[in-house]
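What follows is a single structure, written as structure tokens, with notes after it.
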Amino acid sequence: MNDKEKIVHLTHEIERIHGRMRHLYADWAELLDTGVSALCKSDRGREVMLDRATWVLDKLRAEMAALNVN
């Protein structure tokens, strides 16, 4: 693989990761928003928020591990 092909490959990989992260962050923000709304509106809000926040934290940790972030 020559340098130009490497650049094209790496650029494609960066774009793929960027798109994936944008999608994941949007999903996670929506989950946290649901939890925060539940906190404000219902007696079950704490339980809902804890569930959503725990799920998001688990997913963030998995992504960090996949990206080798400490």
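Taken over the stretch 28-67, the residue count meeting the criterion of being outside any helix (DSSP H, G or I), of a type outside the set (Lys, Arg) and touching a helix residue (DSSP H, G or I) at 6+ places or on another chain (Cβ under 8 Å) is 1. Looking across the stretch 29-67, the residues that are surrounded by 15 or more Cβ atoms within 10 Å (Cβ to Cβ), modelled with pLDDT of 85 or more and of a type outside the set (A, V, I, L, M, F, W, C) come down to Asp51, Arg52.
The values are calculated or read from the model by the stated rules, or taken from the named source; none is laboratory data. Computed from a predicted structure; not experimentally measured. Glycine also receives a Cβ, built like all others from the backbone with ideal geometry; neighbour counts cover every protein chain displayed.
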